[in-house]
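Notes for the one structure printed next.
The values are calculated or read from the model by the stated rules, or taken from the named source; none is laboratory data. If you're wondering where the values come from, they're calculated on a predicted model, not measured in any experiment. Cβ placement follows ideal geometry from the backbone for every residue including glycine, while neighbour counts extend to all protein chains displayed. Side chains are part of the model used for accessible areas, which takes the heavy atoms of the whole protein and leaves out ligands, DNA and RNA. Shrake-Rupley method; radii C 1.70, N 1.55, O 1.52, S 1.80 Å.
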Amino acid sequence: MSEHVPYTYRVFWSEDDAKWVGTCTQFPSLLHLAAEPGEAVTGIRDLIEDVVEDMRANGESVPEPLSPKT
């Protein structure tokens with residue numbers, strides 16, 4: 001992966017899944033489940049990077065970050 005886009009990420013515990021869930025505000029339909037909170041953050045960030053790379057390669061509009069800071 002090249003760079004982390006400064007999107008807004010969240011990690012929370014899911015009782016239903018018995019896992020940590022990583023989400024991204026700008027991509028609400030995507031998530032990553034993991035056994036540890038750090039893995040959930042890494043997983044969702046890597047997933048978003050792949051999606052953004054694919055969107056750019058296909059000439060699609062990429063959502064803007066909510067803030068210019070990481």
Inset, instruction - Please work out which option in [x] 3.9; [y] 4.2; [z] 4.8 gives mean projected area of the Cα convex hull in nm² calculated from these coordinates, and answer with its label. - result: [z]
Inset, instruction - Could you check the simple spin-label distance between S61 and K19, using points 7 Å along Cα→Cβ, in nm with one decimal? - result: 3.2
Legend entry - Helical contribution to [θ] at 222 nm, DSSP H n ≥ 4, -39,500 (n - 2.57), averaged over the chain, rounded to 500: -10500 deg cm²/dmol
Inset, instruction - Return one whole number: the accessible area per residue of the chain in Å², for a 1.4 Å probe. - result: 68
Inset, instruction - Under a 10 Å cutoff between Cα atoms, tell me which one of V41, V21, V52 has the largest fluctuation in the Gaussian network model of the chain. - result: V52
Inset, instruction - Quick one: pull the percent of accessible area on the chain belonging to carbon and sulfur, 1.4 Å probe, ligands and nucleic acids left out. - result: 51
